[in-house]
1. Just to check your reading of the model, which residue among L115, L169 is of a type outside the set (K, R) and surrounded by 21 or more Cβ atoms within 10 Å (Cβ to Cβ)?
2. Could you list, in sequence order, the residues of segment 375-391 that are touching a residue at least 60 places away in the same chain (Cβ under 8 Å) and within 22 Å of I154 (Cα to Cα)?
3. Which residues, counting only those in segment 321-345, are part of a helix (DSSP H, G or I), open to solvent by 10 Å² or more (accessible area, probe 1.4 Å) and closer than 19 Å to M364 by Cβ?
4. Are any of the residues in segment 422-434 more than 23 Å from Q466 (Cβ to Cβ), crowded, with 17+ Cβ neighbours inside 10 Å and at pLDDT below 85?
5. Name the pairs whose Cβ atoms lie under 9 Å apart, with the first residue in segment 2-29 and of a type in the set (K, R), the second open to solvent by 60 Å² or more (accessible area, probe 1.4 Å), and 6 or more positions between them or separate chains?
6. Please specify each residue of segment 28-55 satisfying the condition of being polar (S, T, N, Q) and at pLDDT below 95.
7. Please work out if A161 is open to solvent by less than 10 Å² (accessible area, probe 1.4 Å) and either modelled with pLDDT under 95 or not in a strand (DSSP E or B) (or both).
8. Taking the condition of being more than 23 Å from T465 (Cα to Cα), of a type in the set (D, E, K, R) and exposed (fewer than 11 other Cβ atoms within 10 Å of the Cβ), how many residues in segment 506-541 meet it?
Amino acid sequence: MNLQEKLKNSPLIFDGGMGVYYNNIYNDGTTCEEANILYPERIIKIHKEYIEAGANAIKTNTYAAKDAVNIEAALKNAKEAVGNKDILIFASIGSISDEEDEAIYFDAVDTFISLGVKYFDFETFTDFTVQEALAKRIHDAFGNDAFVICSFGILPDGYSANGFSASTLVAAASKSDYIDCVGLNCVSGPSHMAKIISKIPNRPKLFSAMPNAGYPTIERGIAVYGGKPKYFAEQLVEIYKMGVPILGGCCGTNPTFIKEACNALKNAGPLVYAEAKKTDITHNEIESELDRKFKAGERVIALEIDPPSDDNIDFFMDGAKRLVNAGADSITIADCPVARARADSSMLAAKLKRELGVEPIPHMTCRDRNINAIRALLLGLSIENVHNVLLVTGDPVPTAERKNIKSVFSFNSSVLASYILELSNAGLIKPFKMFGALNVNSNNFSNELDRAMKKEEAGISAFLTQPVMTDKAYENLALAHEKLNSPILGGIYPIVSHKNAVFMSSEVSGVSVPKSLIDRYFGLSKEDAENLAVELAVETAERMKDITNGLYLMTPFKRITLMENILNNL
């Protein structure tokens, strides 16, 4: 009888959280994975405690251990703890965040396969990328005898740290022919996990749930979970009653938690699958004047003003008012450009909308915020009736400053767009008009165009380009206009001096300035240079007219009057 047949008769109950329990007991500076080799007796003892508590399945102590020597030691410890008992051993493969290290997963899986391990638990993943290929490798080795759990770490709000909803991730993993069981573990406490599971539509019948004991506090450098074993057990029974046959614990769940759960589950009755309750969600149209103009085929002019670096807002507000009066349809606001702190783009957008009735497009970078901060901003923008946003990865923090200023980069603009779309579909925010960046000056524009198409698939429905100054940029823009389904606003940056032209060409990433244009500014006075800037901007706008849906104008050096002159001559 294989494992899937066994699960029809009784639940599979896993152990609890090895890492937190180990640190609470020993706290001598070693990690639980290091102890596989340094202190194997400690790990064997903990495994035995969970088995004695009633667990009929344990995981190898390899969540963060991917090298062959440690894996072999961990498996040896698990086998010694199990002895002749009818206890299943699963290989634990924990999530890592660095995509460049995905080969580590395959090395770890290959090591376990070489040691004859057929059961695997991929734990606490925040997306569904590498797991299917790993699961295929396992099933290719062992066929139907293999069993692979793919488990996701979902926050109490129902989303992973990468911005994917539990429903989306479960649906993706369920489609795989090589994933035998999908589930949730860690991150959330038992009550929140129960609520999340109850809302997952079309949940597979082979499902696992391994919540944390609760939520931690830090005491003397140690994570302490205040959850109660009896309460944990009661919530695990509720999850079981939804039809979840594979249960266990994660961080903070010591053997006492598992013992309480095992005792409670003995009297829980037969396993009956319960479908998620359907909820009615009202989908609203995008509440954006810009979206209306795009749909009507009107040309749109978006004009960018940098936010101030201090709290003096008068120039910014006055400039925005003048430019809208001169013909700009929208004001775009950069989000801490060049990784330097400036006034928050979302707060300025709300102020423009509220006080001047201006249609703003705040930029939102993935560099400075995790998913919680992004969600908080989106909620605020929606409350303030700002329903446009430009999603960009963001300029990197200069190398010399990385010691004190840390980037986040937990996700990219495509993932962020998918997240915003999910929040909208769930009825948590009103729909947004999402803009993306398009670098027509890219040396490998085919790759840039592929990324733009992926952004469209994720929900981005309009693009703003980098400044268009070269023949190659025009060619790329024409190709994008042909291939993309979304409107494009062509970028125009008015160069105001020879020095400015040289700087843009030499130091600004993503901008190409031809030598012939740089030479035209040589020796010009300030007035003549500005006149040339207006002339070139108008020429560029005319040349882009048939391959764009409007313009994206960038204000240099606070020169509002220059931008008014350009608008008046378009």
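1. Among L115, L169, only L169 is of a type outside the set (K, R) and surrounded by 21 or more Cβ atoms within 10 Å (Cβ to Cβ).
2. R375
3. P337, V338, A339
4. Restricting attention to segment 422-434, the residues satisfying the condition of being more than 23 Å from Q466 (Cβ to Cβ) are 422-431.
Of the ones still in play, those that are also crowded, with 17+ Cβ neighbours inside 10 Å are 422-424, 429-431.
The next check asks that each one be at pLDDT below 85; those that pass are none.
No, that holds for no residue.
5. K8/L271
6. Answer for segment 28-55, where residues must be polar (S, T, N, Q) and at pLDDT below 95: T30, T31.
7. When the stated conditions are applied, A161 does not pass them.
8. Filtering segment 506-541 for residues more than 23 Å from T465 (Cα to Cα) gives 519-529, 531.
Within this subset, residues satisfying the condition of being of a type in the set (D, E, K, R) are 519-520, 526-528.
From what's left, exposed (fewer than 11 other Cβ atoms within 10 Å of the Cβ): 526-527.
Residues that pass the stated criteria total 2.
The values are calculated or read from the model by the stated rules, or taken from the named source; none is laboratory data. Here the structure is a predicted model, which is why all the values come from computation and not from measurement. Note: ideal-geometry Cβ built from the backbone for every residue, glycine included; neighbour counts use all protein chains shown. Surface accessibility is based on the protein's heavy atoms, side chains included, excluding ligands, DNA and RNA. Shrake-Rupley method; radii C 1.70, N 1.55, O 1.52, S 1.80 Å.
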